């Protein structure tokens with residue numbers, strides 16, 4: 001049985017053409033291939049009873065959820081069913097009005113890193129889970145097993161499924177840690193200050209690229225953006241050239257000779273000493289709460305100032321990458 005919505009296919013095709021002609025660098029759309037990102041769209045009457053859901057043209061389907069939210073009964077008229085690592089997931093479109101909450105704390109500065117996922121200006125640290133690093137040997141073994149199988153055979157399909165499950169588990173562990181951190185920041189602080197990290201430039205360092213990718217810096221910022229809107233908090237993005245790690249949080253002196261291997265910041269002007277990441281987080285907090293702030297500098301800079309900074313042969317602040 002083919003479960004296909006022609007109207008949704010045309011809407012997706014129209015969106016693909018619009019992205020191709022309007023977004024710079026967006027390539028021409030490609031047709032879906034069986035076995036890669038399998039998903040389909042269903043639209044019609046949907047009913048929910050306990051942990052079961054009635055889908056159009058398919059019927060009642062039992063889910064692993066103990067009890068589906070009742071809000072989906074009135075809000076859902078279409079679903080997207082996708083397959084990830086041999087498991088099928090149902091996605092609903094639900095209209096929910098965000099409910100702002102009372103924040104017990106004010107402005108907070110967040111410094112991203114590799115050894116510690118985030119260091120806050122109040123002294124709290126969140127260790128990095130390093131999911132890929134822990135599963136790297138198992139993934140390499142499964143990858144060798146796939147390469148030794150005959151293409152098109154059932155044994156190769158089974159080996160590929162095992163490899164997909166290993167990668168999916170790594171992604172779930174990373175997303176779980178990121179969701180917990182971003183929810184904590186958005187719910188408990190009225191303003192969250194982060195830095196506009198040049199992740200693509202940092203990935204060019206072959207010694208740190210794997211650890212940076214394992215941290216999920218882009219996903220952290222993406223989740224923080226919409227969760228701050230949900231909970232009524234403010235997200236401030238400081239310009240990437242702001243010297244947060246090289247500036248003394250005590251007197252404001254800039255230590256230009258600070259190296260990446262220096263994990264303790266020692267000010268040559270006032271002899272103030274503190275952890276490098278904590279010092280950077282405090283500076284980010286001051287940049288967000290001060291009247292003359294670099295908030296959203298990547299969007300508010302003038303064209304001339306932005307062009308001058310792009311022309312400068314200067315690397316971004318390295319204080320957010322740990323060895």
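The values are calculated or read from the model by the stated rules, or taken from the named source; none is laboratory data. If you're wondering where the values come from, they're calculated on a predicted model, not measured in any experiment. Here Cβ is always computed from backbone atoms with ideal geometry, including for glycine, and neighbour counts include all displayed protein chains.
Quick notes on this one:
- The one condition in (1) surrounded by 10 or more Cβ atoms within 10 Å (Cβ to Cβ); (2) outside any strand (DSSP E or B) that residue 66 fails to fulfil: (1)
- Failed item, numbered, when residue 164 is tested on (1) farther than 30 Å from residue 189 by Cα; (2) free of Cβ contacts under 8 Å to residues at least 40 places away in the same chain: (2)
- Only one entry of 81, 48, 23, 58 meets the criterion of being outside the structural domain of residue 281 (by TED's automatic domain parsing) and touching a strand residue (DSSP E or B) at 6+ places or on another chain (Cβ under 7 Å), and that entry is 81.
- The residue list 221, 240 contains one member that is touching a residue at least 24 places away in the same chain (Cβ under 8 Å) and in a loop (DSSP other than H, G, I, E, B), which is 240.
- Of all residues in the range 139-192, those being within 17 Å of the chain's Cα centre (by Cα) and over 30 Å from residue 236 (Cβ atoms) number 4.
- Checked against (1) at pLDDT below 85; (2) surrounded by 13 or more Cβ atoms within 10 Å (Cβ to Cβ); (3) out of contact with any helix residue (DSSP H, G or I) (no Cβ under 9 Å at 6 or more places or on another chain), residue 3 meets all criteria but (2).
- In the range 147-157, the condition of being surrounded by fewer than 15 Cβ atoms within 10 Å (Cβ to Cβ), in a helix (DSSP H, G or I) and modelled with pLDDT under 95 is met by at least one residue.
- Residues being surrounded by fewer than 17 Cβ atoms within 10 Å (Cβ to Cβ) and modelled with pLDDT of 85 or more - total across the range 82-101: 8
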